[in-house]
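Input: a single structure, listed below in structure tokens.
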Amino acid sequence: MVNNKYSKLLDNKIMATLFFEPSTRTRLSFESAMLRLGGKVIGFQTRDVSSVKKGESIADTVRTVENYSDIIVIRHPLEGVARMAAKFSSIPIINGGSGSAEHPTQALLDLFTIKEECGTIDGLNIGLCGDLKYGRTVHSLAYLFSNYNINLYFISPASLKMRFRITDWLRDKKMKFKETEKFKEILPILDILYMTRIQEERFLEPEEYEKVKDVYILTEKDLDNTKENFRLMHPLPRVGEISPDIDKSPKAVYFKQMKYGLYLRMALLALILKGNNFV
Amino acid sequence: MVNNKYSKLLDNKIMATLFFEPSTRTRLSFESAMLRLGGKVIGFQTRDVSSVKKGESIADTVRTVENYSDIIVIRHPLEGVARMAAKFSSIPIINGGSGSAEHPTQALLDLFTIKEECGTIDGLNIGLCGDLKYGRTVHSLAYLFSNYNINLYFISPASLKMRFRITDWLRDKKMKFKETEKFKEILPILDILYMTRIQEERFLEPEEYEKVKDVYILTEKDLDNTKENFRLMHPLPRVGEISPDIDKSPKAVYFKQMKYGLYLRMALLALILKGNNFV
Amino acid sequence: MVNNKYSKLLDNKIMATLFFEPSTRTRLSFESAMLRLGGKVIGFQTRDVSSVKKGESIADTVRTVENYSDIIVIRHPLEGVARMAAKFSSIPIINGGSGSAEHPTQALLDLFTIKEECGTIDGLNIGLCGDLKYGRTVHSLAYLFSNYNINLYFISPASLKMRFRITDWLRDKKMKFKETEKFKEILPILDILYMTRIQEERFLEPEEYEKVKDVYILTEKDLDNTKENFRLMHPLPRVGEISPDIDKSPKAVYFKQMKYGLYLRMALLALILKGNNFV
């Protein structure tokens, strides 16, 4: 990985990471991707930044930072901020996660993982399981899936069902999907199970979180009821929904997913900053 | 901007940014400037650093960090800290903003902006408007102006007048200045209006802030009463004192100011680390 | 220092600094060391990171970050975390300080300082003074000393004595050491006095800290009672235990210690990432 032929591709380019919400995975993988391509990084990582404290608008923050960088990755707890940032920016903006709404680069790396692991995307039985209401990765992923011919299963407690905005979109696209609360019945037919963490920080009432937090727990034994080529994915972090016993199984690909994420983000930065002819 | 002939000038040099107070603009522009010149950056961005928590003196912090870097940019809420740091340091120290007292590199970039936009500095009618008591940028700028032949107008509420330390200095220097609370009367004669944010975070009493926060608001209509070559500046961030309608006017130069700031800081770093003969 | 022949040695290598506890010295010196060798840096500096807030295990954090970097430096308030991280990681892990237990790279730089300053380590009379219970640097240093023939003096209040785990180890190793509360009596025979800060943040009761915080204070006058080649060391930060009057004495080497720390960490990174044949 260390000496790749693109290690000077983005020489002299600067990426700004404006993270108004904490992040380990997304920020570090974007920063690593930029550095692996020879680029440089500036940014901040909390809401405790001067501009926010002093009441500056996102528009002004973007119009400032675009002077100091060549591309901006923005994460913000409010939906729509990345879109608004793009409207005011003269340089490219990447959405690094917006509230509980969207996380498009995660969806791209998820799709890339499926392609790499299964060799195809069309024709698969794919289950999205867990917090389909607040989990931003499954929202963005569902939109991407609508470009393929997939049998989709939304597995969640009734209180955390996939948002209407997305199910309506899928119906418009004539996408096949089924909503259910039970995942063990479906497990044997799935090619991909995409587990997600119940997003404790999005709940207003602790009791509501307690009710659903342990609804879906996958153990090593459950893998016996899966297809030979079954693949278990997770955007991470996980809390208790996937037992660590499973990690060593070749069916568990969530750590490979992280590595694919690095490659995907390298490709994305290269494409955006160098166009299609960088290869 | 990306491929400049100085992009390797500071190769192998390290800048340390010691920001004991949050900052977006100043820190990111210094970091971008250093990276654009091929240099590297280390640092911290909050008071929540080990040395502060453990009670270390600024002198010891500087004598530590000077081992790890070639130049230090320091921001601190207390006045005089940058000066003290410089006393103990064997490497160059740049003041990145000291409390509500001084912000010298901002003043330099402001002066550079005026020169670029007006072609001259001498002979201009310049108004500094808003929070002249707590606004550190106007303090440093007033000192710089004293080297030029300028008609200066200090426009502020009575409670936020320019500090005596500075008006006394200007009188000693035989500098022409006028203090007033009304800015619309003066607007038609100004070549430059330098607006500032009322610094909410420096007020001890919220009511005191409320009284003055909306005293000066510039709208698009106000621009009709300005000279053809009038230029509106602001160190940013702004909160409500400049209506966003104005942004698209060629008279509004506050976003260009940001870009000039990057160039100014690049020049400053190059001069300090390479001397006058780097060109 | 700037143009060293190793300035491209770690070109394209990325170091991740995972600091779950604040740090100035250790983090900045590791980052400077990596940059001086041509490497790059990613990381975080507080517990306020996404993975921690979302309840992720250290194992999963490490298995994520190992995809984005070539070496990890980890600091954590809990003992044993670095060891656990190493167990789960496929890339090298360096312990950057674990709670009040260990700080191995500090011990290495301390040993290197002694070697450079005294020309030898064997045969010296060395005093470790202050907070021997909570001071992690003295723990790691005592382990290292057990490889040498040293007369060791542990000077501390009764409540802050060296931990049994370490004195037992030293006895097993047939190491000579003496425990005492009085340091002025011993001062004349010492070659090295290694002072430490009383670690306020590790005390549960403020009164307990107050009782011992000023027990050991070294003043300029005390140096008169030391050998000609006596050397005073301190891992820094200091609070009040070494008077600043002493700083200018050639016997005070704590700031040189910082510089040796940079070199030591450069050597460590080079050895780990390039092996013994990098010279």
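If you filter the stretch B:30-118 for trypsin sites (Lys or Arg not before Pro), then keep DSSP loop positions with at most 16 other Cβ within 10 Å, what is left? Don't skip to the end; give the middle numbers.
Working: sites: B:ARG36, B:LYS40, B:ARG47, B:LYS53, B:LYS54, B:ARG63, B:ARG75, B:ARG83, B:LYS87, B:LYS115; in loops: B:ARG47, B:LYS54.
Passing both the DSSP loop test and the Cβ count: B:ARG47.
Please give the charge dipole size of the protein assembly as shown, origin at the Cα centre, charges +1 on K and R Cβ atoms and -1 on D and E Cβ atoms. Round to the nearest 20 debye. Walk me through the numbers on the way to the answer.
On the way: 123 positive and 105 negative charges, 450 e Å.
Roughly 2160 debye for the protein assembly as shown.
Check the straight Cα-Cα distances from B:LYS274 and name the aspartates and glutamates below 18 Å, setting aside those fewer than 8 residues away within the same chain.
B:ASP11, B:GLU31, B:GLU66, B:ASP70
In terms of Cα to Cα distance under 12 Å, which aspartates and glutamates are near enough to C:LYS87, apart from those fewer than 8 places away along the same chain?
Correct list for C:LYS87: C:ASP60.
Which FRET efficiency, nearest 0.05, do A:LEU271 and A:SER90 yield, Cβ-Cβ r, R0 22 Å? It would help to have the intermediate numbers written out before the result.
Values: r = 19 Å, r/R0 = 0.85.
Calculated transfer efficiency: 0.75.
Rounded, prolate or oblate: pick one for the protein assembly as shown, where a ≥ b ≥ c are the square roots of the eigenvalues of its C-alpha gyration tensor, a/c under 1.5 means rounded, and failing that, prolate if a/b is larger than b/c, else oblate. Walk me through the intermediate numbers first.
Working: a/c = 1.82, a/b = 1.00, b/c = 1.82.
Cα axes put the protein assembly as shown in the oblate bin.
For the Cα atoms of chain A, what angle does the longest principal axis make with the long axis of helix A:104-118, in degrees from 0 to 90, nearest 10?
50
About the Cα centre, and with charges only on the beta carbon of Lys, Arg (+1) and Asp, Glu (-1), how big is the dipole of the stretch A:14-99? Nearest 20 debye, please. Please list the in-between numbers first.
Values: 11 positive and 8 negative charges, 22 e Å.
Dipole size: approximately 100 debye.
Looking at the square roots a ≥ b ≥ c of the eigenvalues of the Cα gyration tensor of chain B, which shape do they give, rounded for a/c under 1.5, prolate if a/b is larger than b/c, or oblate? If you can, show how the numbers build up before the last one.
On the way: a/c = 1.88, a/b = 1.44, b/c = 1.30.
Note, shape of chain B comes out prolate.
Can you find, among B:THR180, B:ILE42, B:GLY275, the residue farthest towards the positive end of the dipole of chain B? Put +1 on the C-beta of Lys and Arg, -1 on that of Asp and Glu.
In chain B, that residue is B:GLY275.
To the nearest 100 Å², how much accessible surface do chains A and C hide from each other in total, with a 1.4 Å probe? Mind dumping the intermediate values first?
Numbers: alone 13630 and 13620 Å², together 24790 Å².
Buried area between the two chains comes out at roughly 2500 Å².
Around B:TYR134, under 9 Å between beta carbons, what's the net of Lys plus Arg minus Asp minus Glu among the other residues? Mind dumping the intermediate values first?
On the way: positive: B:LYS133, B:ARG136, B:ARG202; negative: B:ASP131, B:GLU201.
Computed value for this residue: +1.
Work out the mean other chain Cβ neighbour count within 10 Å for the residues of A:257-268 and drop it here as an integer.
On the way: counts 2, 7, 4, 1, 3, 2, 1, 0, 1, 0, 0, 0.
Counting other chains' Cβ atoms within 10 Å and averaging over A:257-268 gives 2.
Using a label point 7 Å beyond Cα on the Cα-Cβ vector, give me the inter-copy distances for A:GLU79 in nanometres, one decimal, shortest first.
Its label point is 4.9, 4.9 nm from the equivalent points in the other copies.
Label points 7 Å out from Cα along the Cβ direction at B:ALA59 and B:GLU181: separation in nm?
4.7
Can you compute the charge dipole magnitude of chain A about its Cα centre, using +1 on each Lys and Arg Cβ and -1 on each Asp and Glu Cβ, nothing else charged? Give it in debye, rounded to the nearest 20. Could the numbers behind the result be given before it?
Details: 41 positive and 35 negative charges, 179 e Å.
Approximately 860 debye in magnitude.
Accessible area of the protein assembly as shown with a 1.4 Å probe: how many percent of it is carbon plus sulfur?
Working: 17220 of 33500 Å².
Taking all protein chains in place, the protein assembly as shown shows 51 percent carbon and sulfur surface.
Between A:GLU207 and B:ARG202, how high is the FRET efficiency from 1/(1 + (r/R0)^6) when r is the Cβ-Cβ distance and R₀ = 51 Å? Nearest 0.05.
The calculated FRET efficiency here is 0.75.
Under the classification rounded if a/c is under 1.5, otherwise prolate if a/b is larger than b/c and oblate if not, where does the stretch B:14-99 fall, given a ≥ b ≥ c as square roots of the Cα gyration tensor eigenvalues? Kindly include the intermediate steps, with their values, before the conclusion.
Details: a/c = 1.56, a/b = 1.29, b/c = 1.21.
Cα axes put the stretch B:14-99 in the prolate bin.
Solvent-accessible area per residue for chain A at a 1.4 Å probe radius, Å²? Mind dumping the intermediate values first?
Details: 11170 Å² over 279 residues.
The answer is 40 Å² per residue.
Put a dot 7 Å past each Cα toward the Cβ at A:LYS173 and B:ASN151; how far apart are the dots in nm?
Computed distance between label sites B:ASN151 and A:LYS173 equals 6.5 nm.
Based on alpha-carbon centroids, what's the gap between the stretch A:256-279 and the stretch B:13-33 in Å, whole number please?
So the separation of the two Cα centres works out to 28 Å.
Between A:GLU185 and the same site in the other copies, what are the distances in nm, shortest first, taking label points 7 Å from Cα along the C-beta direction?
8.2, 8.2
Count the net charge of all other residues whose Cβ sits under 12 Å from the Cβ of B:PHE230, scoring Lys and Arg as +1 and Asp and Glu as -1. Walk me through the intermediate numbers first.
Values: positive: B:LYS227, B:ARG231, B:LYS251; negative: B:GLU117, B:ASP191, B:ASP222, B:ASP224, B:GLU228.
That works out to -2.
What distance in nm separates the two pseudo spin-label positions at B:PHE164 and C:THR219, each 7 Å out from Cα along the beta-carbon direction?
4.0
Could you compute the net charge surrounding C:TYR216? Neighbours are other residues with a C-beta less than 12 Å from the C-beta of C:TYR216; K and R count +1, D and E count -1. Working shown, then result.
Values: positive: C:LYS182, C:LYS184, C:ARG197, C:LYS213, C:ARG238; negative: C:ASP131, C:GLU181, C:ASP214, C:ASP222, C:GLU241.
Residues close to C:TYR216 contribute a combined charge of 0.
How well do other chains shield peptide A:199-207, expressed as the mean number of their Cβ atoms within 10 Å of each residue Cβ? List each step's numbers first, then the result.
Numbers: counts 1, 3, 4, 0, 0, 0, 0, 0, 0.
Mean number of neighbouring Cβ atoms from other chains: 1.
What is the antiparallel percent of DSSP beta bridges lying wholly in the protein assembly as shown, to the nearest 5? Walk me through the numbers before you get to the answer.
Details: 3 of 99 bridges.
The answer is about 5 percent antiparallel.
Which distances in nm, rounded to one decimal and ordered from shortest, link the label point of C:SER90 to the equivalent label points in the other identical copies, with labels set 7 Å from Cα toward Cβ?
Spacings between copies for this position, smallest first, are 4.4, 4.4 nm.
Just checking the output field for C:18-29: average partner chain Cβ neighbours within 10 Å of each residue's Cβ? Spell out each step's value before the answer.
Values: counts 2, 1, 0, 2, 10, 6, 15, 11, 1, 6, 14, 5.
Per residue, the average neighbour count from other chains is 6.
Kindly provide the GluC sites (Glu not before Pro) of the stretch B:149-218 that DSSP labels as loop, not H, G, I, E or B, and whose Cβ sees at most 15 other Cβ atoms within 10 Å.
On the way: sites: B:GLU179, B:GLU181, B:GLU185, B:GLU200, B:GLU201, B:GLU207, B:GLU208, B:GLU210; in loops: B:GLU181, B:GLU185.
Passing both the DSSP loop test and the Cβ count: B:GLU181, B:GLU185.
The values are calculated or read from the model by the stated rules, or taken from the named source; none is laboratory data. Only a predicted model underlies this, so the values are computations on that prediction, with no experimental measurement involved. As a convention, Cβ positions derive from the backbone with ideal geometry for all residues, glycine included, and neighbour counts pool all protein chains shown. Areas reflect the complete protein model, heavy atoms only, side chains present, ligands, DNA and RNA absent. Shrake-Rupley method; radii C 1.70, N 1.55, O 1.52, S 1.80 Å.
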